[in-house]
Amino acid sequence: FRIVLAEPFDRTGVEKLRTVGDIVALEACDESTLRRAVLDCDALLVRTRTTVTRAVIESATRLRVIGRGGVGLENIDVDAARERGIAVVYTPHASTDAVADLTVGMMIALQRNISGCDAMVRKGHFWEARGGSCSREMSELTLGIVGMGRIGRAVARRCRNGFGMTVLYNDIVSPGWLDFVATPVTKDQLYAHADVVTLHVPLTDSTRYLIDAAALSGFKKEAILINTSRGGVVNSLALADALTAGTLAGAALDVFDPEPLPADHPLMRAPNTLFTPHIGSRSVAGLARMN
């Protein structure tokens, strides 16, 4: 078999692939490069940066499987693959704990203004930083989970069982029995009552810009928003406006729209923000499970 790697995979994963076929590692993953590469390959493996379009799929003559090391499939035209009888596989369980850990870390960092205090201490403003820092404890807060899937449940479990937070959630599908206390509510109820709103939904037509100006207008003024799902779930400009106007207390983002954000994007100047470069799944164990 001829196996094309559009992006780097871990050595142990590549060694397993070598036992069943020849590996072709690409140096670029743009559409034209992919179209040439899949002409005579049996398998195409991608990560986050590669987009497998209908044109790429239709260029293939014997492609049998597309594999993604990651949680979502929004960067693969699954319908086009299905029409051609090409299997699409991915690793939805691999990064659950890694993303949940980052999400909780972001909550604490934003709630306690850790990055802001660090910057002030480094500038010699120790006492000013100390005097201006006094936050609520996690157990006093109400957490709102949008999307009670694998990662949403992992975050809720940590926050409810670990910190004693009140947990509200909204999902279009019932999560079934939960091993922690949580209350299902409408999205509007969740936005109105949650001190922390965290997003754990896939990017689909129905979730794109789920958090827009209208949704943000229903948030508590003291609330913070966490997004470790997909950048397109949040309207970045609307979020920047809410933060700048002070109608939202803060936001922590691991994913962006567009990604990465351009230097002149309004979010870059918005107050009370915390950004990480799409590292949610990037723990040693999470990457190993993906590979």
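The values are calculated or read from the model by the stated rules, or taken from the named source; none is laboratory data. Here the structure is a predicted model, which is why all the values come from computation and not from measurement. A quick note on method: Cβ atoms are made from the backbone with ideal geometry, for glycine too, and the neighbour counts reach across all protein chains shown. When the accessible area is computed, the model is the full protein with side chains, heavy atoms only, and any ligands, DNA or RNA have been set aside. Shrake-Rupley method; radii C 1.70, N 1.55, O 1.52, S 1.80 Å.
Tabulated results
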read-out: Computed over the chain, the ratio Rg/Rh where both radii use C-alpha atoms and Rh is Kirkwood; value: 1.02
read-out: Order by protection proxy (mean Cβ within 10 Å, highest first), peptides 152-162, 209-219; value: 152-162, 209-219
read-out: Euclidean distance between Cα centres, the range 65-139 to the range 245-291, Å; value: 7
read-out: In the range 136-193, chymotrypsin sites (Phe, Trp or Tyr not before Pro) in a DSSP loop with at most 15 other beta-carbon atoms within 10 Å; value: W177, F180
read-out: Fraction of accessible area attributable to carbon and sulfur, the range 18-158 (%, probe 1.4 Å); value: 50
read-out: Where the chain is the region considered: accessible area per residue in Å², 1.4 Å probe; value: 51
read-out: In Hz, Karplus ³J(HN,Hα) per residue of the range 155-165 (6.51, -1.76, 1.60; θ = phi - 60°; x = Gly, Pro); value: 5, 4, 4, 4, 6, 6, 6, x, 10, x, 6
read-out: For V88, residues with placed amide H under 5 Å, excluding near neighbours; value: I66
read-out: Local net charge near T276, Cβ-Cβ under 14 Å (Lys/Arg +1, Asp/Glu -1); value: -2
read-out: Fraction in percent of alpha-carbon pairs per bin - 10 Å, the range 90-140; value: 22, 36, 24, 13, 5
read-out: Mean separation of Cα contacts under 8 Å, 6 or more apart, over the residue count of the chain: relative contact order %; value: 14
read-out: Surface share of carbon and sulfur [accessible, 1.4 angstrom probe, percent] for the range 193-232; value: 53
